[in-house]
Amino acid sequence: MTAVPKPPKGKKKSASNSPKMTEDKLLEISERLADALEFKNEVTITTYRKGKYEKFTGIIESANPETKMITFNVGNFEHHKISANIIVDIE
């Protein structure tokens, strides 16, 4: 019997494809999120997930430090829950 080689596996996306975040950038994002939550300022949050950037503009309604989830009101009573782990920028 002859061994049949297995087909090559598809490339997996690694975490190295995600944007590199410095400690200073993480601290800046954290401070801006806290200010936006406290003062209910409208902000634009940029997220990175599955190789794509996405922007949300609205007001942060709440943040859960245990689950690291942010509830974000984008208007017209539309809410998004965003993981703090995928936020790469806030304006």
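The values are calculated or read from the model by the stated rules, or taken from the named source; none is laboratory data. These figures come from a predicted structure and were not determined experimentally. Cβ sites come from the backbone with ideal geometry, for glycine too, and all protein chains shown count toward neighbours. Surface accessibility is based on the protein's heavy atoms, side chains included, excluding ligands, DNA and RNA. Shrake-Rupley method; radii C 1.70, N 1.55, O 1.52, S 1.80 Å.
Tabulated values for the structure
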{"read-out": "The range 29-43, residues that are over 10 Å from Ile60 (Cα atoms), touching a residue at least 40 places away in the same chain (Cβ under 8 Å) and open to solvent by less than 70 Å² (accessible area, probe 1.4 Å)", "value": "Ile29"}
{"read-out": "Within the range 15-43, considering residues that are outside any helix (DSSP H, G or I) and out of contact with any Phe, Trp or Tyr (no Cβ under 7 Å at 6 or more places or on another chain), the one farthest from Pro65 (Cα to Cα)", "value": "Lys20"}
{"read-out": "Scan of the range 44-91 for residues that are of a type in the set (Phe, Trp, Tyr) and touching a Ser or Thr at 6+ places or on another chain (Cβ under 8 Å), ordered by number", "value": "Tyr48, Tyr53, Phe56"}
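The rows are residues; the columns are (1) open to solvent by less than 50 Å² (accessible area, probe 1.4 Å); (2) among the aromatic types (Phe, Trp, Tyr); (3) part of a strand (DSSP E or B); (4) modelled with pLDDT of 90 or more.
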position: Tyr53; (1), (2), (3), (4): no, yes, yes, yes
position: Phe56; (1), (2), (3), (4): yes, yes, yes, no
position: Ala63; (1), (2), (3), (4): no, no, yes, yes
position: Phe72; (1), (2), (3), (4): yes, yes, yes, no
position: His80; (1), (2), (3), (4): no, no, yes, no
position: Asp89; (1), (2), (3), (4): yes, no, yes, yes
